Amino acid sequence: MMDFLQFKQFISLNVLIFFYYIGAVVIPVIFWLLTLWLVNKYEVFKRVNSLTKEFIWKALTIKQKIGLVGFLLLGFLFMELFWRMLFEFLIAYLQIRDAMMLMSVS
């Protein structure tokens with residue numbers, strides 16, 4: 001326990017993988033549900049949401065609407081890719097550290 005508290009032993013890869021899935025799946029779902037809840041709970045958010053949707057969808061052509069949705073989807077996918085690369089880097093760091101610790105012991 002003291003090794004863990006003094007950072008001589010790191011958290012396991014399983015914990016990192018668990019947090020990866022929380023960030024990649026659970027947090028976007030919670031954000032979506034929170035947004036829906038805010039829009040339904042508070043009248044000001046409902047009005048802003050409906051006015052914004054109405055304004056944007058009337059001002060854009062079909063091609064621009066498809067482009068906007070594609071751009072937002074692409075942005076989401078890039079955020080997911082960045083999240084994945086961040087955790088791959090953390091896992092690689094821990095594996096490199098463990099290999100170096102084994103080399104220093106021998």
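What the table shows:
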{"quantity": "Unmet requirement for Val105, which otherwise passes all of (1) surrounded by fewer than 11 Cβ atoms within 10 Å (Cβ to Cβ); (2) in contact with a Gly (Cβ under 6 Å, 6 or more places away or on another chain)", "calculated": "(2)"}
{"quantity": "Residue identified as among the aliphatic types (A, V, I, L, M), touching a residue at least 24 places away in the same chain (Cβ under 8 Å), out of contact with any strand residue (DSSP E or B) (no Cβ under 7 Å at 6 or more places or on another chain) and closer than 30 Å to Met100 by Cα among Ile11, Ile22, Ile17", "calculated": "Ile17"}
{"quantity": "Matching residues in region 9-18 - criterion: being in contact with a helix residue (DSSP H, G or I) (Cβ under 9 Å, 6 or more places away or on another chain) and loosely packed, with under 14 Cβ neighbours inside 10 Å", "calculated": "Gln9, Ile11, Ser12, Ile17"}
{"quantity": "Counted residues, region 24-48 - those being open to solvent by less than 80 Å² (accessible area, probe 1.4 Å) and touching a Leu at 6+ places or on another chain (Cβ under 9 Å)", "calculated": "0"}
{"quantity": "Residues (among the β-branched types (Val, Ile, Thr) and closer than 22 Å to Val39 by Cα) located in region 51-65", "calculated": "Thr52, Ile56"}
{"quantity": "Region 49-70 residues that are among the small types (Gly, Ala, Ser), paired with ones that are open to solvent by less than 80 Å² (accessible area, probe 1.4 Å) (beta carbon under 9 Å, 6 or more apart)", "calculated": "Ser50/Val39; Gly67/Leu60"}
{"quantity": "Checking Gln9 against (1) modelled with pLDDT under 90; (2) in a helix (DSSP H, G or I), the condition it does not meet", "calculated": "(2)"}
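Here's the yes/no breakdown for (1) open to solvent by less than 90 Å² (accessible area, probe 1.4 Å); (2) over 24 Å from Ile22 (Cα atoms); (3) part of a helix (DSSP H, G or I):
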{"residue": "Thr52", "(1), (2), (3)": "yes, yes, yes"}
{"residue": "Trp57", "(1), (2), (3)": "no, yes, yes"}
{"residue": "Gly67", "(1), (2), (3)": "yes, yes, yes"}
{"residue": "Leu72", "(1), (2), (3)": "no, no, yes"}
{"residue": "Leu77", "(1), (2), (3)": "no, no, yes"}
{"residue": "Arg84", "(1), (2), (3)": "no, no, yes"}
{"residue": "Phe87", "(1), (2), (3)": "yes, no, yes"}
{"residue": "Leu90", "(1), (2), (3)": "yes, no, yes"}
{"residue": "Leu94", "(1), (2), (3)": "yes, no, yes"}
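The values are calculated or read from the model by the stated rules, or taken from the named source; none is laboratory data. Because the structure is predicted, anything quoted here is derived from the model rather than measured. A quick note on method: Cβ atoms are made from the backbone with ideal geometry, for glycine too, and the neighbour counts reach across all protein chains shown. We work out accessible area using only protein heavy atoms, side chains counted, and drop any ligands, DNA or RNA first. Shrake-Rupley method; radii C 1.70, N 1.55, O 1.52, S 1.80 Å.
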